[in-house]
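Everything on this sheet refers to the single structure shown next.
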């Protein structure tokens, strides 16, 4: 394209070389930005975005956390075993003139290693319910990850199609610009032979300059759309641009409400998330009811104590001092105890907690019903919008085809002198508007189709 525009600069007349230079400069700048340009399909864009998205990475780490906690040991199934070590040190001194041992200093030290174990034998099945809760939390983290993936895919699809639309609009602008450039050259040739006046040449030059401006603006819009696509894919180097290989297909599928509704109720990630929240609420009720049951536990252990006492020097009643030495002792003990506790009164705290847990279940169920109602409405509105947009695509496609045919006929008539430059320009602008309307219609129907697929859980398998 750059070499093509360079040739254009040398072939147009000086009065409109400025427009060609402006376009050449814009394309040259765009070419510099696209120094790292590579081809990119929609599936490749989604793959890149899923790897780079921070929210997905966070959800995956949270999923790993939940999976790590989903263990019988965390639920409290196994006994706890602790090693203990006690070190006791004492000092005492006594003076008693009435005793045969008037003064005595005593040092004592003891070391006691031991092992203790505690095991809850029964607590109203709280261990089993806690394990169920951990499994449900892990599944909920998986759904949260899918929700993040779903949102990322949708944003990438929207950004990709937006860039495609801007690229096709840029192609239309380039096509019209070529026509305007040819028209300028044609009018200048006619003026040389006395068949066109300065007014006619100025009109075609104005059209060419306006089309040049529109092309530059559209080129910038396209570059912005590519940068937005980079952002959606999580790419920080915004100088990396792409040649988009997918196309805006005009062929659109037909959807049936009943089949879509069935898939929505079975696969919609928001509904699945709320259903898991309801299961968690039910498990919480079971845990609260388990507090009404007695708790039976066993506790056992063994201890070994090694003690040594040093008496030091003692003063006897006759005034003599003597080293009394010391003594050592050791003992071993073991124990196993069974205990049972049952709360007979707590001021109604457990009853209130159970009631609140059941209310939480009801709230979770109502959230599901409300979500189903809203999502069904979104599905109905989305399908209705999709059908009307499909019809709009069909109509605008016909308008665009007619506009192209009109432009071809207008080109022939203009060269034959049957229409003036004003009429030709009107038809030319109509061609631009018809193509823009068609591209916008295709883009809107693609967005609606993507939303329908998301509602029915089709973006994430």
Compute the convex hull volume of the Cα atoms of region 349-426, divide it by the residue count, and report the result per residue in Å³ as a whole number. 104
Taking the Cα atoms of region 181-306, what is the range of coordinates along each of the three principal axes, in descending order and whole Å? 120, 59, 23
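When the chain is fully extended, how far beyond the present Cα-Cα distance does residue 329 get from residue 426, taking 0.36 nm per residue of separation? The partial results should precede the final answer.
Details: separation 97, 0.36 × 97 = 34.92 nm, distance 11.38 nm.
Answer, rounded to one decimal: 23.5 nm.
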Could you please state, rounded to a whole Å, how far the C-alpha centre of region 353-381 is from the C-alpha centre of region 206-238? 45
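Relative contact order for region 323-446 using alpha-carbon pairs under 8 Å, separation at least 6, rounded to a whole percent?
Values: 39 pairs, mean separation 32.4, N = 124.
With pairs under 8 Å counted, the relative contact order is 26 percent.
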Based on the mean of other beta carbon atoms within 10 Å per residue, what is the order of 207-213, 339-345, most packed first? 207-213, 339-345
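Among 386, 422, 257, rank each residue by its count of other Cβ atoms within 10 Å, from fewest to most, as a rough exposure measure. Numbers along the way, then the final one.
Details: 386 21, 422 10, 257 13.
So the ranking, lowest neighbour count to highest, is 422, 257, 386.
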How would you classify region 100-196 from its alpha-carbon gyration tensor, with a ≥ b ≥ c the square roots of the eigenvalues: rounded for a/c under 1.5, else prolate if a/b is greater than b/c, otherwise oblate? oblate
In nanometres, what is the gap between the two model label sites at residue 245 and residue 303, each 7 Å from Cα along Cα-to-Cβ? 7.5
Which length gain, in nm to one decimal place, applies between residue 198 and residue 440 when the Cα-Cα distance is subtracted from 0.36 nm times their residue separation? 83.3 nm
Intensity falloff of region 395-448 expressed as log10 I(q)/I(0), Debye formula with alpha-carbon point scatterers, at q = 0.17, 0.23, 0.30 Å⁻¹: -0.54, -0.78, -1.05
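At a Förster radius of 22 Å, what calculated FRET efficiency corresponds to the Cβ-Cβ distance of residue 292 and residue 84, to the nearest 0.05? Each step should come with its number before you reach the end.
On the way: r = 34 Å, r/R0 = 1.54.
Computed FRET efficiency for residue 292 and residue 84 comes out at 0.05.
FYI, it's all coordinate maths here, none of it is from the lab. Keep in mind that what you see is a predicted model, and the values were worked out from it rather than measured. Cβ coordinates were reconstructed from backbone atoms using ideal geometry, including for glycine residues, and neighbour counts include every protein chain displayed.
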